[in-house]
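Here's the structure we're looking at; comments come further down.
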Amino acid sequence: MSDFKWLWDKLGKDKGKYIIALVLAILVSFASIVVPHMSRIIVDRYITGPNSVYNIQHDKMGLIYLIVFVIGF
């Protein structure tokens, strides 16, 4: 714990940047888990699934939302 306190004291005015970097690292880790899962849903539901034609015809917005989510991350 004293090592962290020492680091925190040495950061000085860059504490905000350090916190932002930590938050971004967490988001990147989250995206590395979520994006492949969303891609699997797109493939299973809209490309190779047994009802893929029906899903594309009747649930276009769901597909669009998933694609935008994957691209956004």
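The values are calculated or read from the model by the stated rules, or taken from the named source; none is laboratory data. The structure displayed is predicted, hence computed values, not measured ones. Heads up, the Cβs are rebuilt from the backbone with ideal geometry, glycines too, and the neighbour counts pull from every protein chain shown.
Against the numbered list (1) exposed (fewer than 10 other Cβ atoms within 10 Å of the Cβ); (2) at pLDDT 90 or above; (3) of a type outside the set (Phe, Trp, Tyr), Asp3 comes up short only at (2).
Could you please let me know if Tyr46 is hydroxyl-bearing (Ser, Thr, Tyr) and in contact (Cβ under 8 Å) with a residue 12 or more places away in the chain? Yes: the conditions hold for Tyr46. When the residues of the range 8-30 are filtered to those that are charged (D, E, K, R) and surrounded by 10 or more Cβ atoms within 10 Å (Cβ to Cβ), the one that is modelled with the highest pLDDT is Lys17.
Within the range 38-73, restricting attention to residues that are surrounded by 13 or more Cβ atoms within 10 Å (Cβ to Cβ) and among the β-branched types (Val, Ile, Thr), the residue that is farthest from Val28 (Cα to Cα) is Ile56.
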